[in-house]
1. Grab the helices (runs of 4 or more DSSP H) fully contained in segment 103-220, keeping just those with 3 or more residues being touching a residue at least 24 places away in the same chain (Cβ under 8 Å) and among the aliphatic types (A, V, I, L, M).
2. Here is a list: Pro400, Pro358, Pro382. Which entry is under 23 Å from Glu172 (Cα atoms) and either outside the structural domain of Arg136 (by TED's automatic domain parsing) or over 20 Å from the mean Cα position of the chain (by Cα) (or both)?
3. Against the condition among the small types (Gly, Ala, Ser), surrounded by 12 or more Cβ atoms within 10 Å (Cβ to Cβ) and either at pLDDT 95 or above or assigned by TED's automatic domain parsing to the domain that holds Phe179 (or both), how does Ala104 come out, does it pass?
4. Select, from Ala390, Ala406, Ala369, the only residue that is among the small types (Gly, Ala, Ser) and farther than 21 Å from Val18 by Cα.
5. Would you kindly identify the strands (runs of 3 or more DSSP E) lying entirely within segment 1-94 that contain at least 2 residues that are buried (at least 24 other Cβ atoms within 10 Å of the Cβ)?
6. Restricting to segment 386-424, name every residue that is touching a strand residue (DSSP E or B) at 6+ places or on another chain (Cβ under 7 Å), more than 9 Å from the ligand (Cβ to nearest atom) and farther than 14 Å from Ser253 by Cα.
7. Checking the structure you have, find out if any residue of segment 246-253 is away from the ligand (no atom under 14 Å from the Cβ), open to solvent by 10 Å² or more (accessible area, probe 1.4 Å) and out of contact with any Cys (no Cβ under 9 Å at 6 or more places or on another chain).
Amino acid sequence: MKRVAVIGGGWAGLAAAVEAVSLGATVTLFEMAPTLGGRARSLEGIEPVLDNGQHILIGAYTETLALMRRVGGDPDADLLRMPLRLRYPDRETLRLPPGPPTLAFLRGVLGCTAWSRRDRLRFLVTSSLWTMRGFRCDPALTVAELCAGLPRAVRDDLIDPLCVAALNTPAEQASAQVFLRVLKDALFSGPGSADLLLPRRGLSALLPTPTSAWLQSRGAEIRPRRVQRLEAAGRQWAIDGDAFDALIVACSSVEASRLTRDLAPHWSAAAGAFEFQPIVTIYLESAGSALPAPMVALRESSTAPAQFAFDLGQLGQQAGLFSLVVSGAAPWVARGLDITGAAALAQAQQHFHWATPPRIVRVLSEKRATFACTPNLRRPDPLVVPGIWAAGDYLAGPYPATLEGAVRSGLAAARSAMRQPLGGMSD
Ligand SMILES: Cc1cc2nc3c(=O)[nH]c(=O)nc-3n(C[C@H](O)[C@H](O)[C@H](O)COP(=O)(O)OP(=O)(O)OC[C@H]3O[C@@H](n4cnc5c(N)ncnc54)[C@H](O)[C@@H]3O)c2cc1C
């Protein structure tokens, strides 16, 4: 049996470990944090359960949903599925009806009465051009440049919030090529692919906790340890003196760069070159209150940081608990978390009716939430050196930093590791 070490128990590492076990490996998973899940986990020892950041999945996350099922989860029960609907406190914009994707998009745009007839037609013409060009464009373009010809209302109501939510990068800096790929897979790849899937349970319960049980029941070992060094050991690789046939480095790009500096300097430099964008999540509490929908879009401005609000009561988590999300949050982090929290609270107070005065429960900031998804970004390939593969949301691929990108890269890394003949590191 092959011995495979997976370094990092985020969603990429968990996917890699499950796949390697399924393909017959003996797996050891190293995780330095007290809990599995990485950037998509619940905070430890807190009641009610709070995640380290509000996450949204979409119907196109096919591999993530399949992985949840594989480890015994039930995504149909654990996620609230809703057709894509961008609802602001004062009005509704795009709402996709069910049905075949192109028809649903056409009907959704034509039915969007928040936009003038002329704006709707201009948007349809532009999206037809994107379709005809296979959702490809000059890789140097930003989303703002790509969409400069679109009506202001379509950019404000749809493009800008979608861009910052999916790429965690403002439209003026975000890669148009990656954005088009997200649009293609979400809006045009199959019935339900654009559906929003909102967690009805904490993130840890969605995947990390069931995966931990699944792995351990199949003989995998989970070692709560930070890997410090990767060392060659004959035709194998060693961690802490323990030899493995293959390594899957599924930690953050920064840690992967550190671990591979001497073994693969070029790969390490590419992994170490990313810039990051933070996400701030503000949890609010207000007994007896409810938002008009489980998820409501908000307009950000220089005084209003949040782009989305979630009602965790309507999601079946905790009545009277709400989260506000600030993506692409670098300017707000620079202003300070107290100021950001207070501004988000004021924004929520202004837009929603509250049965009791809302108060801040927590302001959480993930400074390196995702890499900044900018044009012409050079993302490293999964093969580091023979015998060592990387997995993670930052690796070369069509997607921005997402759960689906992480899971897909983990599955791919495990398959490559298992295809390699024993002792393949020196080939
Ligand atoms: C606040 C926030 C909101 C987000 N919202 C969304 C969303 O709505 N939808 C979406 O799809 N994505 C979202 N994302 C992105 C998504 O969470 C990430 O793309 C995904 O979790 C990345 O998984 P990963 O396994 O690649 O990396 P990570 O989650 O970073 O996992 C790496 C793991 O490696 C461990 N590790 C690091 N170094 C070592 C070492 N030396 N030894 C042992 N262990 C080590 C770390 O502790 C960590 O557990 C969001 C992210 C954040 C932070």
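The values are calculated or read from the model by the stated rules, or taken from the named source; none is laboratory data. As the structure is a computational prediction, the values presented were derived from the model and not from experiment. Positions of Cβ are generated from backbone atoms using ideal geometry, with glycine treated the same way; all protein chains shown enter the neighbour counts. Heads up: the accessible areas ignore ligands, DNA and RNA and are worked out on the full protein's heavy atoms, side chains in. Shrake-Rupley method; radii C 1.70, N 1.55, O 1.52, S 1.80 Å.
1. Once the helices (runs of 4 or more DSSP H) in segment 103-220 are filtered for at least 3 residues that are touching a residue at least 24 places away in the same chain (Cβ under 8 Å) and among the aliphatic types (A, V, I, L, M), what remains is 143-146, 160-167, 176-187, 203-206.
2. None of the other options fit; the residue is Pro400.
3. The answer is yes for Ala104.
4. Exactly one residue qualifies, and that residue is Ala369.
5. The qualifying strands (runs of 3 or more DSSP E) are 3-7, 26-30.
6. Correct list: Gly387, Ile388, Ala413, Ala414, Ser416, Ala417, Gln420.
7. No, there is no match, as no residue in segment 246-253 is away from the ligand (no atom under 14 Å from the Cβ), open to solvent by 10 Å² or more (accessible area, probe 1.4 Å) and out of contact with any Cys (no Cβ under 9 Å at 6 or more places or on another chain).
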